[in-house]
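S.K.: Take this structure first; my questions come after.
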């Protein structure tokens, strides 16, 4: 099992084969972030210990650090410093903006992984896909969000699992021994997902050491399951000695791919070789392989101010919380809100009035109040003023409770104009973060699917055919090279629409018309 430092370290053929087939999972540890300027476990915990008073406590904690008791030291530091101070120190060292190191992270993007699991809190991997992938930022759920993502593996799409959380959500972070018990040990969804990943794919660990508490936790909880009959597992690490290599093989069936001490450039060379080899005849749809370098302008993650509006129902009352925040590429760009959060209450419209408004929208037979007016009246007056005062470039993010999701809040009227006509409006699912949903890029020129659907028996919705054809003409005029697929009337069959959505690789889809049955012409 030993490795010869004099021989070039190349990916084993089995690892290349699994990666090429999109059946390999990459586990990323803290070591891979150090070239971006982020500290390792030892440096981070040493910096946190320095914040502790009195000095005598620092000495005791330092001795524990020397024994590798990182999680236990973190427990003590959080107790002594208090959670707010503790996390401020953590964010100061791990939250500073950093550029993804091209030597290691570009090959990761260029390899068709089944998925990536990282125990790091930083966003280097997400930023790498934003910069070098054609397809956009993949879904990045945290370990605490997995109860809402039971179909991650079944869906077959590439994702990054932030197993131990993210700096943007302190409640998701697995940092101290208490966190391990609270989030990891007592989280059935996390344990089952990790077991499924480990049992359904070849695994490569990068950025871990034998003293890394995250790696030790993975070993303790998951890797010894099923004895010798497990998928291939490799770890790329600095030479650890023959005894340690044999121990990893005997207890967890992990093969060590060792490189000479201090020669960390071997990691970048290994990943680059694996990426080149895996791209040879890689199957269509396997992960996020970048076949061409996207234009830099397509990847600019601009900071934008948005008005974030949370609405929930309490009997007949409406509870609203809103604030202006800065976001960058769908993530919070600053821990400080541009505008402090405000709160207010309103009265929800009576359901009878809403039903009447809906009938008016559908049949235009009753003089019921407009839906948009009813919804606007439900909001607190100060919220209506803040919505009306949003700037031209501000977007509005709606976070709605399940009871309110069925209402068209985008249509609420301000100064006789629907909200969506005044500002860009997006919805965010209350129990799923933007990061967990991912963010697909729109290519230039884009691929558009425009559907003007026929109703049952061929009866067209008035204006549907004209709408999609006008959109097609507008798109072709503004962007002449746009690839447009136009399905109008009887061409918009159920089977054809599903086939285009599943295999068409479209950037934007617009649908107008009736929704029919699988057997109808809709």
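For every residue, the table says whether it meets (1) outside any helix (DSSP H, G or I); (2) over 21 Å from residue 247 (Cα atoms); (3) at pLDDT below 85.
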site	(1), (2), (3)
180	no, yes, yes
184	no, yes, yes
199	no, no, no
203	yes, no, no
210	yes, no, yes
219	no, no, yes
222	no, no, yes
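S.K.: To continue, here is another question. Find the helices (runs of 4 or more DSSP H) located wholly in region 1-118 whose residues include 2 or more that are in the same structural domain as residue 273 (by TED's automatic domain parsing) and closer than 30 Å to residue 230 by Cα, and list them.
M.R.: Passing ranges, in order: 13-20, 102-109.
S.K.: So which residues in region 407-422 are surrounded by fewer than 19 Cβ atoms within 10 Å (Cβ to Cβ) and touching a strand residue (DSSP E or B) at 6+ places or on another chain (Cβ under 6 Å)?
M.R.: 410
S.K.: Please go through (1) at pLDDT below 90; (2) within 21 Å of residue 92 (Cβ to Cβ) for residue 54 and return the number of the only condition it doesn't satisfy.
M.R.: So the condition that residue 54 fails would be (2).
S.K.: Within region 139-146, is even one residue over 16 Å from residue 33 (Cβ atoms), more than 14 Å from the chain's Cα centre (by Cα) and either surrounded by fewer than 23 Cβ atoms within 10 Å (Cβ to Cβ) or not assigned by TED's automatic domain parsing to the domain that holds residue 241 (or both)? Write out each step before concluding.
M.R.: Looking only at region 139-146, we keep the residues that are over 16 Å from residue 33 (Cβ atoms), and these are 139, 141-146.
Now narrow it down to the ones that are more than 14 Å from the chain's Cα centre (by Cα): none.
No, that holds for no residue.
S.K.: From the residues in region 337-378 that are assigned to a loop (DSSP other than H, G, I, E, B) and under 19 Å from residue 309 (Cβ atoms), which one is modelled with the highest pLDDT?
M.R.: Ranking the candidates gives 348 first.
S.K.: If a residue counts only when it is modelled with pLDDT of 75 or more, which helices (runs of 4 or more DSSP H) contained entirely in region 391-495 have at least 1 such residues?
M.R.: Helices (runs of 4 or more DSSP H) meeting the threshold: 419-422, 464-478.
S.K.: Assess whether residue 255 counts as being modelled with pLDDT of 90 or more, under 29 Å from the mean Cα position of the chain (by Cα) and over 16 Å from residue 104 (Cβ atoms).
M.R.: no
The values are calculated or read from the model by the stated rules, or taken from the named source; none is laboratory data. Predicted, not measured: the structure shown is a model, and the values here were computed from it. We place every Cβ from the backbone using ideal geometry, glycine too, and count neighbours over all the protein chains shown.
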